[in-house]
1. If you go through the stretch 514-528 one residue at a time, do you hit one that is more than 20 Å from ILE349 (Cβ to Cβ) and not in a helix (DSSP H, G or I)?
2. Anything in the stretch 327-341 that is aliphatic (A, V, I, L, M) and part of a helix (DSSP H, G or I)? List them, or say none.
3. Among the candidates PHE428, PHE456, which residue alone is among the hydrophobic types (A, V, I, L, M, F, W, C) and surrounded by fewer than 17 Cβ atoms within 10 Å (Cβ to Cβ)?
4. Among the residues of the stretch 152-168 satisfying the criterion of being of a type in the set (A, V, I, L, M, F, W, C) and open to solvent by 40 Å² or more (accessible area, probe 1.4 Å), which is farthest from ARG345 (Cα to Cα)?
5. With the structure loaded, tell me whether VAL481 is open to solvent by less than 20 Å² (accessible area, probe 1.4 Å), touching a residue at least 40 places away in the same chain (Cβ under 8 Å) and of a type in the set (Val, Ile, Thr) or whether it fails that test.
6. Among the residues of the stretch 510-520 satisfying the criterion of being of a type in the set (A, V, I, L, M, F, W, C) and crowded, with 22+ Cβ neighbours inside 10 Å, which is farthest from VAL449 (Cα to Cα)?
7. Could you figure out which of (1) modelled with pLDDT of 95 or more; (2) open to solvent by 40 Å² or more (accessible area, probe 1.4 Å) isn't true of VAL100?
8. Being farther than 30 Å from TYR391 by Cβ, open to solvent by less than 30 Å² (accessible area, probe 1.4 Å) and either out of contact with any Pro (no Cβ under 9 Å at 6 or more places or on another chain) or among the polar types (S, T, N, Q) (or both), is that true of even one residue in the stretch 116-134?
Amino acid sequence: MAHYFLLPKLLYLFLFAVFGSALPYLSIYYDQALHLSSHQIGIVLAIAPFIQSIACPLWTIVADRKPSWHGPLMAVLLAIGGTSVMMLMFLPEWLAQEDVNANTGDKGQDTSRAMLFVAIIELIFAFFGQPVSALVDSATLKILGEHKILYGNQRLWGSVSNGINILLVGVLISSINIQAAFYVFGVFSICFILLALFTRLGEEHTVTASEISTSHPYEDSPLLKDHRGSNYASHLHPTERHTTYSPAQQTSSPYGRSFFGTLINTITGRGKQEQHPSNAMYGVEASRYDSVASHANTVFLEDEDRHMDLMRITTSVAALDVQAEASDMLAHSEGMPSLGLVLSRIPTIDTSLAAFATIGQTNNSAIGKSTLKDPKVWTFLLMTLLLGIAYAMVAQFLFLYLRNDLNIDPLFIGWTGPIGGVTEVSTFYVSRQLLDYCSVTSLITFSHVVVILRNFVYISLIPNEWTSTVIALSMQLVSGVSYAMIWSTSVSEVDSFFPVDQRAMAQGILAALFSGLGYGLGSILGGVVYEQYGVNRLFEVSSGITVLSLLVFLSKR
């Protein structure tokens, strides 16, 4: 069975190698090669977050309606988006040649034209290339089928690939030049496109609408916390099966007691979970879901009029289903769980945004206005938006700050990838334990304080100092912790606000506020402040918005 799940691992590996190559260094490229101002860079960087909130659900609808198109669709989208990014590599030379032919010598006109072309390229990649991440999540759920609990094991490869490639590209830029980032981007884009072209989904299992129940097999409990009582087993979905495991199975359980052991098994594929995806646990009687998504995520239906609603909910229901199953298994497990299992219960930003594909369905339960009017709910969502703005103001210009203001070599800037990735995944790993022992209020407050302290540490750093390089890199540890803690805690809290049939949409709203609207506004505001008042004021404004976000959150707790 392990070899069967090699495909989603490779999809994540190649895709996040693409995302971890040229894209993180674009702000430096825009500054050095195209001579855009910080304000202009902020505007073009804001395009992707805004467009992503629309493009992810749109292409997810297409993939869910036509599962046989899923692989080729991923290939075509990345081919279009990737080609647009590769055009950036030739843009400076083309603009220089145009200046020679026109004989203008107007630098202001040059940067305006450069920004126009960059904005068009960013728009193309945001609409076609960025949503491929959501489609890979969807494809993985469909490939796994009833073994969807292994989703986190596959996704882990993306995190590893992203961190390694950010470091690799940093080394190449330092040794060669920034053009090297585009060559790495092109190579891995071709690898992903070829793999996606041979990815076939939806051809093995066909179901009808009558075979799929629209009820949900899990209770109205938050995603990351378990509040089921002793009568939980009596309320299980009729299609769920129970399997009892003896203590003798513990030694070979995929949820071993060693964190590093399970991490190695997950990465190498040697874990027994993939050979026997039966969701075994520590001598407890645990339920295994054969719910809506277990069947719906592999459907292949040609009668579009009859099954339109069913196909549209496939991805969002499958994602919510795997989160619920992983949360339930973690609640029943003892000792250290599998890293892959932990990642399975935390949705990605892109998959959460895909929930907007359910808007307009006849069987979709809309979020009630009364819930949104609850002060505790709307203040939490407003906090998410404000924190997204504050976080993006620093994150979108971090590489530019490290290179231009601290004069740190790209060789060391590349280390931000693996450092931040390791701490982010590690924080996700312990997020459930943190929620068990700490309140949501304390975790959210801690995350805000960490962001503020990080900003003031950046302000204190001195350019061209070795100690500044070390401290700046160590701040990625802080950033990884704060982001993972905010996202995992926010998902849990939002799930507690809404009933189960509204959680997918609620998570979509959460992702759109933080990573969509928040990141877009943060990019624009950050560019203006950076350009007009300098980098120290950028950190100060970001800290001020973070304080405001925390006050809004605490006001109704």
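The values are calculated or read from the model by the stated rules, or taken from the named source; none is laboratory data. These figures come from a predicted structure and were not determined experimentally. For neighbour counting, all protein chains shown are included, and Cβ atoms are generated from backbone atoms with ideal geometry for every residue, glycine included. For accessibility, only protein heavy atoms count, side chains too; no ligands or nucleic acids. Shrake-Rupley method; radii C 1.70, N 1.55, O 1.52, S 1.80 Å.
1. No, the stretch 514-528 contains no residue that is more than 20 Å from ILE349 (Cβ to Cβ) and not in a helix (DSSP H, G or I).
2. Within the stretch 327-341, MET329, LEU330, ALA331, LEU339, LEU341 qualify.
3. PHE456
4. Filtering the stretch 152-168 for residues that are of a type in the set (A, V, I, L, M, F, W, C) and open to solvent by 40 Å² or more (accessible area, probe 1.4 Å), the one farthest from ARG345 (Cα to Cα) comes out as LEU168.
5. Criteria not met by VAL481.
6. Filtering first and then ranking leaves ALA512.
7. If we test VAL100 against (1) modelled with pLDDT of 95 or more; (2) open to solvent by 40 Å² or more (accessible area, probe 1.4 Å), just (1) comes out false.
8. Checked against the condition, which is being farther than 30 Å from TYR391 by Cβ, open to solvent by less than 30 Å² (accessible area, probe 1.4 Å) and either out of contact with any Pro (no Cβ under 9 Å at 6 or more places or on another chain) or among the polar types (S, T, N, Q) (or both), the stretch 116-134 yields no hits at all.
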